[in-house]
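Here the structure is laid out as structure tokens; the discussion comes afterwards.
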Amino acid sequence: MKQEQVRMAVLLMLNCFVKATPPLPPWPPSSTSFLDDLGDLGIAPLIRADEEAVVRASADFGNLSVLVGARPAAAVLYPSRSADIAALLRASCARPAPFAVSARGCGHSVRGQASAPDGVVVDMASLGRLHGAGGGGARRLSVSVEGRFIDAGGEQLWVDVLRASMAHGLTPVSWTDYLHLTVGGTLSNAGISGQAFRHGPQISNVLELDVITGAGEMVTCSKEKAPDLFDAVLGGLGQFGVITRARIPLAPAPATARWVRFVYTTAAAMTADQERLIDVDRAGAGAVGGLMDYVEGSVHLNQQGLVETWRTQPQPPSPSPSSSPSSFFSDADEARVAALAKEAGGVLYFLEGAIYYGGAAGPSAADVDKRMDVLRRELHHERGFVFVQDVSYAGFLDRVHDGELKLRAAGLWDVPHPWLNLFLPRSDVLAFVVGVFHGILRRTATMGPVLIYPMNRNKWDSNMSAVITDDEEEVFYTVGILRSAAAAGDVGRLEEQNKEILGFCEVAGIGYKQYLPYYSSQAEWQKRHFGAKHWPKFVQRKSKYDPKAILSRGQRIFTSPLA
């Protein structure tokens, strides 16, 4: 029975995958002869090349993967220890024609970035499942209370990092909005959310890494030891090494989050207030600078179905702080917000924030009440449109998971996700708002949340590989257009709309950079993403740590060995 359930799950995954992609090349692929050479390495029993394993490793959250003339993987490695991954990489390096290797955590990429074309995908979760006698995955999470840090395996989920650290009254300070992602996965990109304005992205909050380079070398690195590799790997899109352990600093954990939502009828008013709120190091914020611990924002485009609101789902209200967030809006509030949206021409803006308190850290509830009085008075929101709820700190951080469960129950999770995430210069954000939110996106239903919020440049480390906007303005913006293609024909239409948005930015001279970027060729990566400012260093690091371009070929930055 269990085998049949697994078989049906795999067939369902394959069905979702095939719906959004051209037919896969015939099985088995013709380029698997390298697998015969791995038998002498001692890792052969850990490698599977059957179709079930390969299909599972080839699917991702985006369901948009397209590889012409190649399969997303020829085989899958299920490592029990880091040395197994190192052995695989050394075996690839030793071949005249190295095969691709890619680390896969939760498969949350959207365009096959974690694929290994005709190569081997490393199932990182196996490190947690198979590590030590009896599958002691818990050993891959270790909290040092005295040192105020947690050592987490690269395969560990951030939600488990949260639970392990909070068991000791501690917490990391920088997060992503979705915690069911791996440590190595988010650190290979940047890891951003509404805390980044104060603490920087997750890559700015790492003390030490264990990394396996493309040459199969196992290295412990930090800002003091092998700092160039440390900086290369953080935000490096998997191009320089596989993260097998990260040491994350911890701080005293609060108990509760005062979660607030202010409603605005103009982007100009909301973004001005957001910038005042994140002004923690400068002098332009007035009374509100630094009053919030979390600052984000969203765009309400007058379509409020389940897909549009999955990040904040209604639940029964609770008289005390709940472990999971409830809805901000009663039925009467929904009607008032809808009427306000109609008056505003169909577009509203929500400034979303949180103040952490209680526990061993943060202010008291009375102090939070005083902060709220200041915010209500000083911010330029629509009067009478402030919505507040208290939830547990852990419930706030993991709130998106509740929306995921509801989408899964409705059959709306495993659909294609043509997401578009951008960094925008501060000086261009209102032009983007007019052209995109009030123009391109207003012409059709959005089918997913749209986020907009600012960050401080000085919280990012320019030596790391992550690329943000090229301008010199201190504040820049994140925009996330997080659509779901739930109906036939949606994928093509939304993909064309994404192209239209990028085309608008090009014509308007908006100096955007993609976050979680995707380009189809090295030339595009060089011109559109890295540019003359970042490309030379990126290539230099690639030639040093992965000269045969074995790692992360699914990103399409390097697909053949460097000269």
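Taking N as the number of residues in segment 416-517, what is its Cα Rg relative to 2.2 N^0.38 Å? Could you put the intermediate results ahead of the total?
Numbers: Rg = 14.0 Å, N = 102, 2.2 N^0.38 = 12.8 Å.
Normalised by 2.2 N^0.38 Å, the Cα Rg of segment 416-517 equals 1.10.
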Q | J(HN,Hα) series, segment 408-422, from Karplus relation 6.51 cos²θ - 1.76 cosθ + 1.60, nearest Hz, glycine and proline x | A | 4, 5, 8, x, 10, 8, 8, 10, x, 10, x, 6, 9, 10, 10
Q.
Let me spell out the model: positive unit charges on the Cβ of Lys and Arg, negative unit charges on the Cβ of Asp and Glu, origin at the Cα centre of the chain. What dipole size does that give, in debye rounded to 20?
A. 520 debye
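Excluding PRO425 itself, calculate the net charge of residues whose Cβ lies under 9 Å from the Cβ of PRO425, where each Lys or Arg counts +1 and each Asp or Glu counts -1. Please list the in-between numbers first.
Details: positive: ARG426; negative: ASP428, ASP470, ASP471, GLU473.
Here the count lands on -3.
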Q: Compute the signed sum of charges (Lys and Arg +1, Asp and Glu -1) over the other residues within less than 12 Å, Cβ to Cβ, of GLN522.
A: +4
**Q.** GluC sites (Glu not before Pro), loop per DSSP, at most 10 other Cβ atoms within 10 Å - longest free stretch of the chain
**A.** 225-471
Q | Gained length - GLU343 relative to ALA410, 0.36 nm times residue gap less alpha-carbon distance | A | 20.9 nm
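Add -39500 (n - 2.57) for each DSSP H run of 4 or more in the chain, then divide by its residues: what number comes out at 222 nm, to the nearest 500 deg cm²/dmol? Walk me through the numbers before you get to the answer.
On the way: 16 runs with 161 residues, N = 563.
Result for the chain: -8500 deg cm²/dmol, rounded to the nearest 500.
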Q: Report the relative contact order of the chain, percent, no decimals, based on alpha-carbon pairs under 8 angstrom and at least 6 residues apart.
A: 16 percent
Q: Throw me the Rg/Rh for segment 130-252, computed over C-alpha atoms with Kirkwood Rh, two decimals.
A: 0.95
Q) In a Debye calculation with equal point scatterers on the alpha-carbon sites of the chain and no solvent, what is log10 I(q)/I(0) at q = 0.06 Å⁻¹? A) -0.29
Q: Heavy atoms only, probe 1.4 angstrom, no DNA, RNA or ligands counted: give me LYS544, LYS342 ranked by accessible area, highest first.
A: LYS342, LYS544
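Can you tell me the mean projection area, over all orientations, of the convex hull of segment 388-446's alpha carbons? Units nm², please. Spell out each step's value before the answer.
Details: hull surface 27.0 nm².
Dividing the Cα hull surface by four gives the mean projection, 6.7 nm².
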Q: May I ask you to compute the full-extension gain from HIS168 to SER222, defined as 0.36 nm times their residue separation minus their alpha-carbon distance, rounded to one decimal in nm?
A: 16.9 nm
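Net charge near PRO254: determine it from the other residues with C-beta under 13 Å of the C-beta of PRO254, scoring Lys and Arg +1 and Asp and Glu -1. Please report the intermediate quantities before stating the final value.
On the way: positive: ARG258; negative: ASP293, ASP367, ASP390.
Spelling it out: positives minus negatives among the neighbours equals -2.
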Q: Have a look at LEU375, MET464, PRO363 and report the one farthest towards the positive end of the charge dipole of segment 332-477, computed about the Cα centre with Cβ charges (Lys/Arg +1, Asp/Glu -1).
A: LEU375
Q) On a 0 to 90 degree scale, rounded to 10, what angle separates helix 365-378 from the longest Cα axis of the chain? A) 70 degrees
Q: Enter the angle in degrees (range 0 to 90, nearest 10) between the Cα long axis of helix 490-508 and the first principal axis of the Cα atoms of the chain, meaning the one along which they spread out most.
A: 70 degrees
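The values are calculated or read from the model by the stated rules, or taken from the named source; none is laboratory data. No experiment lies behind these values; they were computed from the predicted model shown. Here the Cβ is made from the backbone with ideal geometry for all residues, glycine too, and neighbour counts use every protein chain on show. These area figures cover heavy atoms from the full protein model, side chains too; ligands, DNA and RNA do not enter into them. Shrake-Rupley method; radii C 1.70, N 1.55, O 1.52, S 1.80 Å.
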